[in-house]
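Asks: Encoded as structure tokens, here's the structure I'll be asking about.
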Amino acid sequence: MNVNSRTLALLTSLAVAVVLTAFLALASYFSSHGFIVALAIVFVCCFVLVHLSYEALVFREVKNVYSSLEKLRRQDFKKAESRSTFSADPLTKIKDDIYMIAQGKQQEIDELKRLQVMRREFLADVSHELKTPIFAAQGFIHTLLDGAMDDPQVRERFLEKAAKSLDGLDALVQDLISISQFEKGVVKMAKRNFDVSQLAHEVAEQLEQKAAQQQITLHVEANEPIMLFADPNRIRQVFTNLIDNAIKYGRKGGNIWVMFDEGKKKFTITVKDDGKGIAQEHINRIFERFYRIDKSRARDTSSTGLGLAICKHIVEAHRSFIAVKSEVNKGTTLRFKLQKAKDI
């Protein structure tokens with residue numbers, strides 16, 4: 001039972017008034033012994049009233065404060081009492097403020113721990129990704145220095161492999177720089193009106209040979225100009241990464257479609273394949289840096305593992321987001337929206 005200070009004061013005053021009134025009314029009938037008994041009764045009543053007052057207003061709330069602190073110490077926020085919207089009781093307000101401060105600090109601590117884990121994972125991933133091309137280039141160059149340089153055929157082949165490893169290293173560093181710039185918000189989108197249909201056809205032509213190696217057919221379903229207002233160079237990156245990713249994880253003899261659906265103010269752009277698909281436990285993580293669904297491709301030097309993360313940042317910089325829908329062995333669909341061209 002919650003009793004505030006005003007209610008308790010009224011009850012105490014009423015009880016004292018009743019006792020005093022009864023005492024005064026019966027005072028003429030009391031003997032000296034009766035006065036002593038009456039004094040004892042009044043003392044006991046006042047003691048009980050004052051004790052209950054302290055118990056109800058002070059000790060109960062102090063106990064609740066310590067109880068909440070103990071629950072907060074165990075990080076048991078669900079069982080701790082929630083903050084009341086308004087309370088005139090200063091002790092209750094103190095308890096609520098302690099809960100609010102402790103919960104906020106715990107959330108800060110949890111966030112710092114999460115960021116620390118992410119930093120460790122990121123450093124481990126970067127170290128792993130950098131190590132592969134560096135060690136490969138070192139191996140080829142040291143082999144040449146140990147005597148293989150005298151053989152023209154071996155020299156040329158090893159130099160080409162070393163150059164390929166260093167090209168992969170350069171691509172990784174450039175992608176890391178791009179990710180860092182996007183996260184800091186220093187990258188500005190150079191938006192202008194452009195034909196996204198033409199851009200999609202150009203990207204498809206660039207990747208056509210790679211798709212042909214997997215017997216995959218690219219379909220760009222846009223025969224007329226589609227004018228959008230966005231950064232064409234960044235959108236080219238998005239198309240390149242999404243289509244390239246679909247080729248890598250597509251099925252042999254499969255298809256990839258690039259489609260455009262017109263809305264009132266925006267176009268919905270869809271990149272769809274009929275490949276292996278993505279299991280549900282991976283869908284929420286595919287845009288993480290260095291996250292690979294197929295762990296057997298972890299040493300694939302043709303990919304930096306940052307393509308989808310860069311796509312996510314670019315699309316978000318255009319005030320949109322990439323939606324993913326996928327089913328194992330039935331393919332993957334990625335969609336995002338871009339603004340229509342502005343009138344000049």
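Asks: Restricting to the range 309-344, count the residues that are loosely packed, with under 13 Cβ neighbours inside 10 Å and of a type in the set (S, T, N, Q).
Replies: 1
Asks: Count, please, the residues in the range 267-292 that happen to be more than 23 Å from residue 211 (Cβ to Cβ) and open to solvent by 80 Å² or more (accessible area, probe 1.4 Å).
Replies: Qualifying residue count for the region: 4.
Asks: Do the conditions hold for residue 194, that is, is it aromatic (Phe, Trp, Tyr), in contact with a Pro (Cβ under 9 Å, 6 or more places away or on another chain) and open to solvent by less than 80 Å² (accessible area, probe 1.4 Å)?
Replies: Against the criterion (aromatic (Phe, Trp, Tyr), in contact with a Pro (Cβ under 9 Å, 6 or more places away or on another chain) and open to solvent by less than 80 Å² (accessible area, probe 1.4 Å)), residue 194 qualifies.
Asks: Can you tell me which residue among 181, 138 is modelled with pLDDT under 80 and open to solvent by 70 Å² or more (accessible area, probe 1.4 Å)? Before the answer, list the steps.
Replies: Numbers: 138 fails: modelled with pLDDT under 80.
One residue alone meets the criteria, 181.
Asks: Within the range 225-253, track down each residue that is touching a helix residue (DSSP H, G or I) at 6+ places or on another chain (Cβ under 7 Å) and loosely packed, with under 13 Cβ neighbours inside 10 Å.
Replies: Across the range 225-253, the qualifying residue is only 225.
Asks: Next question. Please find, within the range 248-305, the residue that is modelled with the lowest pLDDT out of those that are aromatic (Phe, Trp, Tyr) and closer than 30 Å to residue 195 by Cα. Walk me through how you get there before you give the answer.
Replies: Residues of the range 248-305 aromatic (Phe, Trp, Tyr): 249, 257, 260, 267, 287, 290-291.
Okay, now just the ones that are also closer than 30 Å to residue 195 by Cα, so 249, 257, 260, 267, 287.
Values: 249: 84, 257: 94, 260: 94, 267: 93, 287: 81.
Once the filter is applied, the top-ranked residue is 287.
Asks: On to the next question. Which count do you get for residues in the range 141-153 that are at pLDDT 80 or above and in contact with a helix residue (DSSP H, G or I) (Cβ under 8 Å, 6 or more places away or on another chain)?
Replies: 3
Asks: Restricting to the range 164-207, count the residues that are farther than 15 Å from residue 233 by Cβ, in contact (Cβ under 8 Å) with a residue 12 or more places away in the chain and of a type outside the set (Asp, Glu).
Replies: Of the residues in that region, 13 qualify.
Asks: Within the range 162-172, which residues are loosely packed, with under 14 Cβ neighbours inside 10 Å and not charged (D, E, K, R)?
Replies: Within the range 162-172, just 163 meets the criteria.
Asks: Same structure, new question: Count, please, the residues in the range 80-130 that happen to be closer than 30 Å to residue 172 by Cα, modelled with pLDDT under 75 and among the charged types (D, E, K, R).
Replies: Here the count works out to 5.
Asks: Right, another one. Look at residue 156 and say whether it is part of a helix (DSSP H, G or I), without any contact (Cβ under 8 Å) to a residue 12 or more places away in the chain and farther than 25 Å from residue 312 by Cβ. Talk me through it step by step, then tell me what you get.
Replies: Numbers: part of a helix (DSSP H, G or I): yes; without any contact (Cβ under 8 Å) to a residue 12 or more places away in the chain: yes; farther than 25 Å from residue 312 by Cβ: yes.
Against the criterion (part of a helix (DSSP H, G or I), without any contact (Cβ under 8 Å) to a residue 12 or more places away in the chain and farther than 25 Å from residue 312 by Cβ), residue 156 qualifies.
Asks: Hey, another quick one. Does any residue in the range 3-17 that is open to solvent by 50 Å² or more (accessible area, probe 1.4 Å) and at pLDDT 70 or above come within less than 9 Å, Cβ to Cβ, of a residue that is β-branched (Val, Ile, Thr) and not in a helix (DSSP H, G or I) six or more places away or on a different chain, and which pairs are these?
Replies: Listed pairs, sorted by first residue: 11/3.
Asks: So residue 213 fits all but one of (1) in contact with a His (Cβ under 6 Å, 6 or more places away or on another chain); (2) farther than 16 Å from residue 274 by Cα; (3) not hydroxyl-bearing (Ser, Thr, Tyr); what number is the exception?
Replies: With respect to (1) in contact with a His (Cβ under 6 Å, 6 or more places away or on another chain); (2) farther than 16 Å from residue 274 by Cα; (3) not hydroxyl-bearing (Ser, Thr, Tyr), residue 213 is out only on (1).
The values are calculated or read from the model by the stated rules, or taken from the named source; none is laboratory data. None of the values given here were measured: they were computed from a predicted structure. Don't worry about glycine lacking a Cβ; one is built from the backbone with ideal geometry, like all the others, and counts go over all protein chains shown. Heads up: the accessible areas ignore ligands, DNA and RNA and are worked out on the full protein's heavy atoms, side chains in. Shrake-Rupley method; radii C 1.70, N 1.55, O 1.52, S 1.80 Å.
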